[in-house]
Amino acid sequence: MDFELRYSQYNERSILIEWPSIIDENILNDVLRFKALIETNTVKVLVNVISSYNSLLVVYGSAIDNVNDSVLSLKNWYTNEDNSAALSSRLFEIPVCYEEEFAVDLAAYAKAVSRSKDAIINLHSSVIYKVYFIGFLPGFLYLGGLPKSLHLDRKNTPDLNIKKGAVGIGGKQTGIYPQDSPGGWHIIGSSPVEFFLPQETPPCFIKAGDRVRFKVISKSEYFELKKRYANASMNPEQFLCHD
């Protein structure tokens, strides 16, 4: 592992570890490897390790006695660990309807990026995306790998109520809203899939490091799937691809 990291005490029970502040798959992989390493080495005293695209928050079960010692241990693990270990990464195919009823911003977005609606749909659904992290809402997937020609800054004025399942583009990323929420992303479609089920363990079946591609479906298929998921338990295995 070869990035220069910054370590700081976040509160009395946690330490924040930060990588360079850029969206980069090599950084993400490094974050996830170090996360797994920390979880393995501190299982008896650890409560949680929370990852983002360029940071880890290491949360301990009690107040940290000596922050310098804890940071030194973390630094030694990072410096000495082999970074060639393979990371598990599952591929999920997620159905999305891009029809006008759900793609409320597609016309304006198409004009802004100087592409036709069909070209946007074809390109957006042809890419395999990487899950960088899950937040700001529980189950919200931040997906990296959006083609540069589809990059567009978030809206200057956020919408007050983006619908659950909405597929949006914000800056260099695309993502899916797991529940109704305010937001500033450009909405180009919707997925009938439930991404946050609090009664399940884990509540979100996709994790950071996994990959996602989108499958174009019609409006009738969307409502059929929505009805099916509402009337029966959704099995995440149905979206898993064996590549």
request  = Go through (1) modelled with pLDDT under 90; (2) within 24 Å of R211 (Cβ to Cβ) one by one and return the number of the condition V45 breaks.
outcome  = (2)
Which listed residue is surrounded by 16 or more Cβ atoms within 10 Å (Cβ to Cβ) and touching a Lys or Arg at 6+ places or on another chain (Cβ under 7 Å), from L74, L91, L106 = L106
request  = Might you let me know whether segment 62-79 holds any residue that is out of contact with any Cys (no Cβ under 6 Å at 6 or more places or on another chain) and within 26 Å of L146 (Cα to Cα)?
outcome  = no
request  = List the number of the failed condition for K207; all other conditions in (1) under 14 Å from the mean Cα position of the chain (by Cα); (2) of a type in the set (K, R); (3) within 17 Å of V96 (Cα to Cα) hold.
outcome  = (3)
Looking only at segment 1-59, and only at residues there that are part of a loop (DSSP other than H, G, I, E, B) and touching a residue at least 40 places away in the same chain (Cβ under 8 Å), the one that is surrounded by the most Cβ atoms within 10 Å (Cβ to Cβ) = Y53
query = Restricting attention to segment 228-240, does a residue exist that is under 18 Å from the mean Cα position of the chain (by Cα) and either among the basic types (K, R) or not in a helix (DSSP H, G or I) (or both)?
reply = yes
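The values are calculated or read from the model by the stated rules, or taken from the named source; none is laboratory data. The structure displayed is predicted, hence computed values, not measured ones. Cβ atoms come from the backbone with ideal geometry, glycine included; neighbour counts cover every protein chain shown.
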